[in-house]
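Undergrad: This structure is in structure tokens; I'll ask about it shortly.
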Amino acid sequence: MGVAIREGQGSMLDPDPSIMMSGSVADPHAAGFESLFVKYYPRVSGVLYRLVGDRGLAEELANDVFWKLHRQPWLAESDGNVGGWLCRTATNLGIDHLRAAARRRHHEEAAGRQTAGSGASPDPLADVLRAERAGRVRAVLAKLKPTHAQILILRASGLSYKELADSLGVKLGTIGTMLVRAERAFQKRFRRLYGHEEAI
């Protein structure tokens, strides 16, 4: 199930929620869903892009998140924390994808397969190092407790403490402590895997 994306001004992508609608816009569920889609799609796809590092994959996973929401009309129509549910669902899907990708890489390396990137770059070494560092960060995130990975990803995506509390369903006063613990867990895991190179 995919969502058509229309190109907007500049480099921004403008989702077309009508593709995901079943029924007419007069349908209250469809109209409510469309409103939520337009409101939250940029944030959900942004969170996923930060997590997986691939715009197309992030959009595909974001579409999956909204498909899950569309199949739960009671949630979209409730006065509950839909934004928080969407962020949690997005980070869970992204983490699941990272874990699956890590397992696949492990099996490929064990089988002795190597993949080589293509494309010219002014500084190929810098590109390789950047990609390796990003891959290490994603590998560490995939091994953290989901709550630690979620709060780090959402914070890196620009959410305020209040938005983090709403998204994670916790009290605002606990966010600082949660962030510190998540950062420590990330640093510890990173150093265990990759030595004492600066993690973040």
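Bear in mind that the values in this text are calculations on the coordinates, not laboratory data. If you're wondering where the values come from, they're calculated on a predicted model, not measured in any experiment. Ideal geometry is used to build each Cβ from the backbone, glycine not excepted, and the neighbour counts take in all protein chains shown.
Undergrad: Could you work out how far apart the two model spin labels at Glu132 and Asn92 are, taking each label as a point 7 Å from the Cα in the direction of the beta carbon, and quote it in nm?
TA: Using points 7 Å along Cα→Cβ, the separation is 3.6 nm.
Undergrad: At a 10 Å Cβ-Cβ cut-off, how would you order Tyr41, Tyr194, Tyr49, fewest neighbours first?
TA: The most exposed by this proxy come first: Tyr194, Tyr49, Tyr41.
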